[in-house]
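Chemist: The structure follows.
The values are calculated or read from the model by the stated rules, or taken from the named source; none is laboratory data. Worth saying up front: this structure is predicted, and the values here are computed from it rather than measured. Don't worry about glycine lacking a Cβ; one is built from the backbone with ideal geometry, like all the others, and counts go over all protein chains shown. With ligands, DNA and RNA removed, areas are computed over all heavy atoms of the protein, side chains included. Shrake-Rupley method; radii C 1.70, N 1.55, O 1.52, S 1.80 Å.
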Amino acid sequence: MAVLKQLTTCSALLLSSSIVFADEAAEQDNAPDPGDHTKVSTVVTATYGVQSLGEQDNNMAQLVGQMSGAKQNGNLFLGQLTIQGQENANVYPADDSFDLSQVRARYFEVKRTEWENAPMLGVSLDYIETSFVDGAINDRLFAIGGLIRVNTPFDNWLSFPIVAAAYGQNSDFAKDILGTKSSAYGVQFNYLNSIYLHENGTHLQINPQYSMIDFGGAVGTVNSLQLDLAVQAPLTENRKHWGKLTYTEYFDDAGQSFGHNDQNTELKFTYSYYL
């Protein structure tokens, strides 16, 4: 269970690239657009959800703050801080307390390109600390990733392939109990898609995320697939307030073969306020 929950954290790295451009018209539109994963924005978000839906039904909460700006060379940047807590965060031994489960800091930078089919490029640096969770497989995780905004044949479909490389420092629990090595290495691939349903920015998100993490030792390499399905819509006419409902399924080969992970199904609601 600890391995699978930390794989969720690893997969979350792939979501690490949020920064500038939706379509030609949106260049002149300063309204927030969370469906564009390359659009920089200053925003505060709060999430409440249930992890292990239908199994343990663990409550979780997350607070995110991010600030953005522009450099003299025209590049756009964004800094982000995330604090997350959840029920049964200290999974070894299991209890019903609600504890801090993750602190995450990220930095993004994005620039325009001269490529017709890929007008934006972005890069991100990511740091995740989970050393306070008794049963987490990693104490901390570092990653570097990049994304491309790819033009599609449809005006209402934005597409963002993302690639990231990760390095983790495994916990004492992982080394002593699970038999991992001291470090973990991995690669990840995300394919984020926003399909717009209304001119006010309401959209669907269909986001498959694949990761391959080598924990070493007895655990070895674990492959996982995370599938996020979400609908996001503005709650006010000025598009400063947004609501998002996300349903997530997981698949992995942490057991004998690749299959559905019943323990990690999630349902979450996120409120976002754009400054």
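Chemist: Tell me, what are the semi-axes, in whole angstrom and largest first, of the equivalent ellipsoid of segment 43-93 as set by the roots of 5 times the Cα gyration tensor eigenvalues?
Modeler: 34, 11, 8
Chemist: Follow-up question, since we're still on this one. Over segment 134-174, what percent of the accessible surface lies on carbon and sulfur atoms, probe 1.4 Å?
Modeler: Carbon with sulfur: 62 percent of the solvent-accessible area.
Chemist: Per residue of segment 52-64, in order, report the coupling 6.51 cos²θ - 1.76 cosθ + 1.60 (Karplus, θ = phi - 60°) as ³J(HN,Hα) in whole Hz, putting x for Gly and Pro.
Modeler: My calculation for segment 52-64 gives 6, 4, x, 10, 8, 6, 7, 6, 9, 9, 8, 10, 10 Hz in order.
Chemist: Measure off 7 Å from each Cα along the Cα-to-Cβ vector at ALA46 and GLU237, then give the distance between these two points in nanometres to one decimal.
Modeler: A separation of 2.6 nm, rounded to one decimal place.
Chemist: What is the distance, in nm, between label points placed 7 Å from the Cα along the Cα-to-Cβ direction at GLN256 and at LEU227?
Modeler: 2.4
Chemist: Starting from segment 62-159, pick out the chymotrypsin sites (Phe, Trp or Tyr not before Pro) whose DSSP state is loop and whose Cβ has at most 16 other Cβ atoms within 10 Å.
Modeler: Numbers: sites: PHE77, PHE98, TYR107, PHE108, TRP115, TYR127, PHE132, PHE142, PHE154, TRP157; in loops: TRP115, PHE132, PHE154.
Loop-located and lightly packed - TRP115, PHE132, PHE154.
Chemist: Suppose each label sits 7 Å from its Cα in the direction of the beta carbon; what would the SER159-ASN200 distance come out to in nanometres?
Modeler: 2.9
Chemist: Can you list residues whose amide H is under 5 Å from LEU192's amide H, if they're 5+ apart or on another chain and H is modeled 1.01 Å from N?
Modeler: Hits under the 5 Å cutoff: PHE160, ILE162.
Chemist: Further question on the same structure: Which ³J(HN,Hα) values in Hz, rounded to whole numbers, follow from the phi angles of segment 128-141 under the Karplus curve 6.51 cos²θ - 1.76 cosθ + 1.60, where θ = phi - 60° and Gly and Pro get x?
Modeler: 10, 10, 9, 5, 7, 9, 6, x, 6, 6, 10, 7, 7, 9
Chemist: Sticking with this structure for a sec: Give the average over all directions of the projected area of the C-alpha convex hull of segment 131-221, one decimal, in nm².
Modeler: Numbers: hull surface 29.8 nm².
For the Cα atoms of segment 131-221, the hull's average projected area reads 7.5 nm².
Chemist: If you don't mind, another one. Using only the alpha-carbon atoms, how far is helix 2-12 inclined from the longest principal axis of the chain? Give it as 0 to 90 degrees, nearest 10.
Modeler: 20
Chemist: Here is a further query. When only alpha-carbon atoms are used, what values of Rg and Dmax, in angstrom, describe segment 161-275?
Modeler: 18.0, 54
Chemist: Using θ = phi - 60° and the Karplus relation 6.51 cos²θ - 1.76 cosθ + 1.60, list the HN-Hα couplings for segment 200-206 in order, rounded to whole Hz, with x at every Gly or Pro.
Modeler: Working through the residues one at a time gives 7, x, 4, 8, 9, 10, 10 Hz.
Chemist: Right, another one. May I ask you to give the solvent-accessible area per residue for the chain, in square angstrom, as obtained with a 1.4 angstrom probe?
Modeler: That works out to 46 Å² for each residue.
Chemist: For the pairs LYS111/LYS244; LYS39/LYS181; LYS181/LYS268; LYS39/LYS175; LYS240/LYS268, flag any whose C-alpha to C-alpha distance is greater than 31 Å.
Modeler: LYS39/LYS181; LYS181/LYS268; LYS39/LYS175
Chemist: Convex hull over the Cα atoms of the chain, averaged projected area in nm²?
Modeler: Here the figure is 14.2 nm², rounded to one decimal.
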